[in-house]
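Okay, so here's the structure we're looking at.
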Amino acid sequence: MTGPDVRLVTMTDAEVAAWLPAAMAHYEQARMEAGDTPEEAAAGRRASEERFFPDGRLVEGQLLHSIRVGDDEAGWLWLGPWNERGELWWIWDLEVHPGFRRRGIARRAMLLGEDVAREHGASRLMLNVFGYNDGAIALYEGLGYDVASLHMVKPL
């Protein structure tokens, strides 16, 4: 595959601790953009932190990577098993920083993430994408992801 030299580098505990507040704030904001109330978005953030970062550190088995392009940190990819059986994995979060977008980095990081999941015994990989995120939806469809569930909302 041509394009930028993209690597996934596992974050250290210190890097995870520095990443967590900003990433969770980003997640909370994305939930509000998708229609959650501020209270619902904050509750979703707390639930995610309690499940995956109960002591401020990522629980065992989950993998959080810095996306690297050369020496530059271009974003992050977090993936891991849904449960202890391990055949179903999730892409929990993918972010490419604005200065690195539209260069194929997210696509390459997703393909590398699929390799990681396979190496850990995954037979399926799922993800959630908010309906307003047209660019991400196009990326995932282009990588062969199909809709498994569809939530719809109508403001009243």
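The values are calculated or read from the model by the stated rules, or taken from the named source; none is laboratory data. All values reported here derive from a predicted model rather than from experimental measurement. Note that each Cβ is placed from the backbone with ideal geometry, even for glycine, and that neighbours are counted across all protein chains shown. The area values use the complete protein model at the heavy-atom level, side chains included, leaving out ligands, DNA and RNA. Shrake-Rupley method; radii C 1.70, N 1.55, O 1.52, S 1.80 Å.
Restricting to the range 95-109, name every residue that is farther than 17 Å from Ala23 by Cα and either among the aliphatic types (A, V, I, L, M) or touching a Cys at 6+ places or on another chain (Cβ under 7 Å) (or both).
If the condition is that a residue be farther than 17 Å from Ala23 by Cα and either among the aliphatic types (A, V, I, L, M) or touching a Cys at 6+ places or on another chain (Cβ under 7 Å) (or both), then Ile105, Ala109 are the ones that fit.
If you take the residues of the range 127-144 that are touching a helix residue (DSSP H, G or I) at 6+ places or on another chain (Cβ under 7 Å) and under 23 Å from Met32 (Cβ atoms), which of them is surrounded by the fewest Cβ atoms within 10 Å (Cβ to Cβ)?
Within the range 127-144, the match that is surrounded by the fewest Cβ atoms within 10 Å (Cβ to Cβ) is Tyr132.
Take Trp82 and tell me if it is within 15 Å of the chain's Cα centre (by Cα), open to solvent by 90 Å² or more (accessible area, probe 1.4 Å), of a type outside the set (Gly, Ala, Ser) and under 26 Å from Asp13 (Cα atoms).
The answer is yes for Trp82.
Residue-wise test of (1) in contact with a Cys (Cβ under 6 Å, 6 or more places away or on another chain); (2) surrounded by fewer than 18 Cβ atoms within 10 Å (Cβ to Cβ); (3) closer than 23 Å to Tyr145 by Cα.
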residue: Ala18; (1), (2), (3): no, yes, no
residue: Ala41; (1), (2), (3): no, no, no
residue: Gly70; (1), (2), (3): no, yes, no
residue: Trp78; (1), (2), (3): no, no, yes
residue: Asp93; (1), (2), (3): no, no, yes
residue: Leu125; (1), (2), (3): no, no, yes
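Limited to the range 1-24, what total is found for residues that are small (Gly, Ala, Ser) and either touching a Gly at 6+ places or on another chain (Cβ under 9 Å) or farther than 23 Å from Gly113 by Cβ (or both)?
Taking the range 1-24 and keeping what is small (Gly, Ala, Ser), we get 3, 14, 17-18, 22-23.
Those still in the list that are either touching a Gly at 6+ places or on another chain (Cβ under 9 Å) or farther than 23 Å from Gly113 by Cβ (or both) too: 3, 17.
The number of residues fulfilling the criteria is 2.
Are there any pairs with C-beta distances below 7 angstrom linking a residue in the range 25-37 that is free of Cβ contacts under 8 Å to residues at least 12 places away in the same chain to a residue that is of a type in the set (A, V, I, L, M) and open to solvent by less than 60 Å² (accessible area, probe 1.4 Å), with the two at least 6 apart or on different chains, and if so which?
As it stands, the answer is Met32/Ala41, since those pairs meet every condition given.
Just checking, which of Arg108, Arg68, Arg103 is in contact (Cβ under 8 Å) with a residue 40 or more places away in the chain and in a loop (DSSP other than H, G, I, E, B)?
Arg103
Can you report the number of residues in the range 134-156 which are without any contact (Cβ under 8 Å) to a residue 60 or more places away in the chain, of a type outside the set (Lys, Arg) and part of a loop (DSSP other than H, G, I, E, B)?
11
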